[in-house]
Amino acid sequence: LAAVTEREQSAPDWHADGLAHVWLPYAQMKTAPAPLPVAATRGSRIVLADGRELVDGVASWWTACHGYNHPHITSAVARQLATMPHVMLGGLLHEPAALLATRLAALLPGDLDRVFFTDSGSVAVEVAMKMAVQYWINTGVCGRKRFVAFRGGYHGDTTGTMAVCDPNEGMHRLFHGLLPEQIIADLPRDEETVAALDRLLAERADEIAGILVEPLVQGAGGMLFHDAAVLQRLRALADKHGTLLIFDEVFTGFGRTGTMFACEQAGVVPDILTLSKALTGGTMPLAATVASKRVFEAFWSDDPMHALMHGPTFMGNPLACAAANASLDLFAREPRLAQVAAIEAQLTEQLAPCRDLPGVVDVRVRGAIGAVELDAIDIPALKAHFVEAGVYVRPFGRIVYLTPAFTIGEADLARLTGAIFRVLSSR
Ligand code: PLP
């Protein structure tokens, strides 16, 4: 207690002022512990205002894949800041956006080669949904305005995207009257669920604009994994019933599951794909909705009303695009995917002992994602224990998980897995 009091006393003035005015995400601010005051970030560590360093197991909501403050990214942003911090894409185009779109088109599989920039994952998914609906309108098909999404899925917090999240997801339940009605199905994992989805698509083909899924890993819905065959079945069903297939790679994009994009592991090319999070190496808000040739061609017309009706003010911000280009340089010149493979091996070995702990339901690892599922969880208590253990781990639902920077290094990763084992052992 003495240590805590001392620490509270050492909190900087801005912290108390901020607590009076900043509205924090997903937090009951009356009862939740105060947020930790952060002074700096460094590599895979968060430096608190009192000087303590926490090994970061979360990489700021799964974004900081190269670690924090990578000099190649920070200097690229600094150079861009001196030239042109922002200019709109309304009627204008700048080199960082042009270069980034060209590079993404070259990296993505198949003919996914037309990039629409936005500034968050939720909005990238919103744009994907609008793109799909307008695709059908532009091609003269009426009434296809609904989406099939999946149980366990999470696609964002905006009004449109909440409606395609798992409806049992507590945080969105309140808004149900507001949300457009969408269809939430089971992933086609076995004969029965394949047949059910096939029937659903046949019966409601006239209303369905697209099928939307997080490929291989459903992240915020519970770090749930499915295999590549599920994605191949979705591609086959979308083709059979003539609907669009949308992959939300906001979380899985840029190496997190072991390949640059998760869809590569299935050999499946969706019609539309969304990216954000690690796009800028976790440094700047940026997202992209990437369309295949078939989709873009429906917008390429003499009719002005066939243009995509979307355009956020800060879309394609040059600083963010410069950060993303620098991040792609790092993927090209540093062994990121090999680092992900090493993290996968280490997580597999070091999280395995958690299986034998009381209350542990499952331990699963894929790429640089490790999850321990529990039967019940006291989140505030766990969070406090993790901080005491010198790590930043942020459990949700019944999941304690790690999504570290790919550059984390063996010793810091061992500190995270060791802390999880110790904290879960002492529950
Ligand atoms: N889609 C997926 C798969 C996500 O994991 C998230 C965020 O966690 C989003 C969309 C929403 O992204 P953002 O929080 O940037 O709006």
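Protection proxy ranking, highest mean first, for peptides 248-259, 230-241: 248-259, 230-241, where packing is the per-residue count of other beta-carbon atoms within 10 Å, averaged. Working ranking of peptides 69-82, 340-353 by packing, defined as the average number of other Cβ atoms within 10 Å per residue, highest first, is 340-353, 69-82. Net charge dipole, the chain: roughly 280 debye, given to the nearest 20, about the Cα centre with Cβ charges of +1 for Lys and Arg and -1 for Asp and Glu. Straight Cα distances below 25 angstrom link Lys130 to the lysines Lys145, Lys240, Lys277, Lys293, with same-chain residues fewer than 8 positions distant left out. Applying D = kT/(6 pi eta Rh) to region 71-333, where Rh is the Kirkwood radius over alpha-carbon pairs, T corresponds to 37 °C and eta to 0.692 mPa s, the Stokes-Einstein value obtained is 176 µm²/s. Between the helical axis of 336-351 and the longest alpha-carbon principal axis of the chain there is an angle of about 60 degrees. From its DSSP helices (H runs of at least four residues, each -39,500 (n - 2.57)), the chain gives a residue-normalised ellipticity at 222 nm of -11500 deg cm²/dmol. Between the helical axis of 410-425 and the longest alpha-carbon principal axis of the chain there is an angle of about 80 degrees.
For the pair region 322-359 / region 42-57, the C-alpha centres are spaced 19 Å from each other. The distance separating the Cα centre of region 15-40 from that of region 142-199 comes to 32 Å.
The C-alpha atoms of region 191-304 occupy a region whose extents along the principal axes are 45, 44, 23 Å, arranged from largest to smallest. Packing, taken as the mean count of other beta carbons within 10 Å per residue, orders the peptides 386-397, 85-96, 207-218 from highest to lowest as 207-218, 386-397, 85-96. Report, in degrees rounded to the nearest 10, the 0 to 90 angle that the Cα long axis of helix 121-138 makes with the longest principal axis of the chain. Once rounded, one gets 10 degrees.
Which whole-number percentage describes the relative contact order of the chain, with Cα contacts under 8 Å and a sequence gap of 6 or more? Computed value for the chain: 22 percent relative contact order.
Rule-based calculations on the coordinates, nothing more; no lab input. Only a predicted model underlies this, so the values are computations on that prediction, with no experimental measurement involved. Note: ideal-geometry Cβ built from the backbone for every residue, glycine included; neighbour counts use all protein chains shown.
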